[in-house]
Amino acid sequence: MYKVLIIEDDFVIADSLKSHLSNWGYEVKYVEDFKEVLAKVTDYDPQLVLMDISLPFFNGYHWCKEIRKFSSVPIVFISSAGDNLNIVMAMNMGGDDFITKPFDLNVLTAKIQAIMRRSYSFQGHTNIIDYNGVLLNLGNATLSYENQKIELTKNDFRLLQVLFESAGKVVTRDHIMAKLWEDENFVDDNTLTVNVTRLRKKLEEIGLEDYIKTKKGIGYIIE
């Protein structure tokens, strides 16, 4: 399920957007404390941001610029200030699209769907793999479960990606090692065991005990 974050100080509009997009299958939240916009973006980690220009404390251009310092998440400006100057400014600050208020909710939804396809689809694969409520984000190498998130090292990420792509099936140790160290001529078999053990400890911290199971003499599986 794609997550949308609404940064709009008119809560009537925000509620309307949340209700409409939720009906289309999106998970939607909106900012309520406009002093904590960046914290909300970081914690929620949305796949798309809907951003008004006129906001308390700092305008949408400011927040767009700040978000772009650490994220490439698509940002769609929604504003009644739809003159050419504001549209150009929005694009120059890192926005991906601009929709002028008042807008038709179905048109907005169509634009969001198009942006999601462009941003997260490639040959039928999305940027997030969801298996039984555990989300592996291929874009920023993080794993999320029940509102908790962990950062993954390169090897953590590659290991989980291999297991997620074959979820429910046993993946052999040789196959995993080939994926993790494809440019190495020789890697000690114990190196994989060490990597799996370290990753398991990280997973336990967010409530995923025994998430990676060992199939003795064969490899590993997530079920």
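Enumerate the amide H contacts of Tyr131 below 5 Å, restricted to partners 5 or more residues apart or on another chain; note that Pro and chain-start residues carry no placed amide H.
Placed amide hydrogens put Leu136 under 5 Å from Tyr131.
For the chain, with all protein chains present and a 1.4 Å probe, just round the carbon and sulfur fraction of the accessible area to a whole percent.
Accessible surface attributable to carbon and sulfur in the chain totals 49 percent.
Rolling a 1.4 angstrom probe over the protein heavy atoms, how many square angstrom per residue are accessible across the chain?
54 Å²
Setting aside same-chain residues fewer than 8 positions from Lys216, which aspartates and glutamates have a Cα under 17 Å from its Cα?
The qualifying aspartates and glutamates are Asp174, Asp189.
Do any of Lys65/Lys111; Lys40/Lys201; Lys149/Lys201 go past 20 Å between their Cα atoms, and which?
Pairs exceeding the cut-off: Lys65/Lys111; Lys40/Lys201.
Can you work out the Karplus-derived ³J(HN,Hα) for every residue in the range 34-43? Use 6.51 cos²θ - 1.76 cosθ + 1.60 with θ = phi - 60°, whole Hz, and x for glycine or proline.
Whole-Hz 3J(HN,Hα) from phi for the range 34-43: 7, 8, 10, 4, 5, 4, 5, 4, 5, 5.
Could you give me the ³J(HN,Hα) list for the range 100-106, computed from phi with Karplus coefficients 6.51, -1.76, 1.60 and θ = phi - 60°, whole Hz, x at Gly and Pro?
In residue order, the calculated couplings are 7, 7, x, 10, 7, 4, 6 Hz.
Loop-only GluC sites (Glu not before Pro) in the range 98-173, please: DSSP not H, G, I, E or B, and at most 15 other Cβ atoms within 10 Å. Walk me through the numbers on the way to the answer.
Working: sites: Glu146, Glu151, Glu165; in loops: Glu146.
In loop regions of the range 98-173 (DSSP not H, G, I, E or B), the sparsely surrounded GluC sites (Glu not before Pro) are Glu146.
Helix 11-23 against the longest principal axis of the chain: what's the angle in degrees, Cα atoms only, rounded to the nearest 10?
That helix lies at roughly 40 degrees to the long axis.
What do you get for the angle between helix 189-205 and the principal long axis of the chain? Use alpha-carbon atoms, 0 to 90 degrees, nearest ten.
With both axes taken from Cα atoms, the answer is about 40 degrees.
Computed from the coordinates I sent, Cα extents along the principal axes in Å equals one of (i) 70, 33, 31; (ii) 64, 41, 29; (iii) 65, 34, 33. Tell me the label.
(iii)
Do any trypsin sites (Lys or Arg not before Pro) in the range 1-98 lie in a DSSP loop with no more than 11 other beta carbon atoms within 10 Å, and if so, which?
Lys35, Lys69
Quick one: Karplus J couplings for the range 208-223, per residue in order, coefficients 6.51, -1.76, 1.60, θ = phi - 60°, nearest Hz, x for Gly and Pro?
Values per residue, Gly and Pro as x: 9, 6, 6, 6, 9, 9, 8, 9, 3, x, 10, x, 9, 8, 10, 10 Hz.
The values are calculated or read from the model by the stated rules, or taken from the named source; none is laboratory data. For clarity, every value in this text was computed on a predicted model and none was experimentally measured. Cβ atoms come from the backbone with ideal geometry, glycine included; neighbour counts cover every protein chain shown. Areas reflect the complete protein model, heavy atoms only, side chains present, ligands, DNA and RNA absent. Shrake-Rupley method; radii C 1.70, N 1.55, O 1.52, S 1.80 Å.
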